[in-house]
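All remarks here apply to the structure that follows.
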Amino acid sequence: MSLDVKVLGAVGILVMLLVIAIALAVAFIILLGTSASAAERHGRYTASVNAAALYAKTLANDERGFFISGDVAFVNQMDGGIELARANFAAAAEAASPNQRATLAEAREGFERWLAAVQAEIAVYQAGDEDAAIATSLGPTRTMRHAYEGWLADASSLGVVAFQDATASVGTASGISVIVLIIYLVVAVAIAVAISLWVLRTVLRPAYALFHMLSDAHDEGKRTTA
């Protein structure tokens, strides 16, 4: 193999090392981005579930406040809480993974059943049968509330676990990326140094010696002419 082909091969190896380094960096960036995106999605899901649970709890407090006091203001302010609870259920469903979605659906359906029961009780209370409305709220309706609250707690737990796993995955992927890149950098530098030494010994040193020989011959020719 001729020397120029060997030199081109050495340069090609250096270029290949650079391309591999860039490819590794891009791959690790994509991997970290995927893990971070999953963590962000699970975080949104968990936050939305917890917000829905908070607004649902506020509605339960308004229910009790109305039946204790008969003040219609508690009923009037429930509309805003219902809208916010439903909005957060929808946001959680949008961010949910397949295994989270089933539990969330149970909680959402349970909430809607409980809400319908509460609205029916309020209508009975306002129609004049206060004792029957209060008795229902303390019996079947309370059972419905406890059921959907249990599903909400399970849905939140799924989100917390998934978020922790995704966060740990980001840390693991980051650590692996750093280790692999450092190892590759050490190997790449060693190869680059070896190639540089080869080029120096095989190409530059003979060329430098030849240059000096020609320079000496030229100087000698000048002296002879003089």
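Here's the yes/no breakdown for (1) small (Gly, Ala, Ser); (2) at negative phi; (3) touching a Ser or Thr at 6+ places or on another chain (Cβ under 7 Å):
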residue: Gln126; (1), (2), (3): no, yes, no
residue: Ala133; (1), (2), (3): yes, yes, no
residue: Glu149; (1), (2), (3): no, yes, no
residue: Asp154; (1), (2), (3): no, yes, yes
residue: Gly159; (1), (2), (3): yes, yes, yes
residue: Ala168; (1), (2), (3): yes, yes, no
residue: Gly171; (1), (2), (3): yes, yes, no
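If you filter the range 182-201 down to residues that are touching a residue at least 60 places away in the same chain (Cβ under 8 Å) and farther than 18 Å from Val19 by Cβ, you find that the one that is surrounded by the fewest Cβ atoms within 10 Å (Cβ to Cβ) is Trp198. Residues of the range 1-54 that are touching an Asp or Glu at 6+ places or on another chain (Cβ under 9 Å) and either modelled with pLDDT under 70 or under 30 Å from Ile82 (Cβ atoms) (or both): His42, Arg44, Tyr45, Ser48, Ala53. For the range 157-166, the condition holds for at least one residue, the condition being that it is under 17 Å from Ala56 (Cβ atoms) and either without any contact (Cβ under 8 Å) to a residue 24 or more places away in the chain or among the basic types (Lys, Arg) (or both). Does the range 87-103 contain any residue that is buried (at least 17 other Cβ atoms within 10 Å of the Cβ), more than 25 Å from the chain's Cα centre (by Cα) and either at pLDDT below 95 or not in a loop (DSSP other than H, G, I, E, B) (or both)? No, because not a single residue in the range 87-103 is buried (at least 17 other Cβ atoms within 10 Å of the Cβ), more than 25 Å from the chain's Cα centre (by Cα) and either at pLDDT below 95 or not in a loop (DSSP other than H, G, I, E, B) (or both). Taken across the range 53-73, residues that are at negative phi, among the acidic types (Asp, Glu), over 30 Å from the mean Cα position of the chain (by Cα) and part of a helix (DSSP H, G or I) do occur, with at least one present.
Scanning the range 105-117 for residues that are surrounded by 15 or more Cβ atoms within 10 Å (Cβ to Cβ) and farther than 26 Å from Thr46 by Cβ yields a total of 1. Summed over the range 124-168, residues that are over 23 Å from Tyr55 (Cα atoms), over 32 Å from the mean Cα position of the chain (by Cα) and exposed (fewer than 13 other Cβ atoms within 10 Å of the Cβ) total 3. Can you find even one residue in the range 134-142 that is of a type in the set (Gly, Ala, Ser), modelled with pLDDT under 75 and over 25 Å from Ala93 (Cα atoms)? Scanning the range 134-142, I find no residue that is of a type in the set (Gly, Ala, Ser), modelled with pLDDT under 75 and over 25 Å from Ala93 (Cα atoms), so the answer is no.
The values are calculated or read from the model by the stated rules, or taken from the named source; none is laboratory data. Every value quoted in this text rests on a predicted model; they were computed, and no experiment measured them. Glycine gets a Cβ as well: all are built from the backbone with ideal geometry, and neighbour counts include every protein chain shown.
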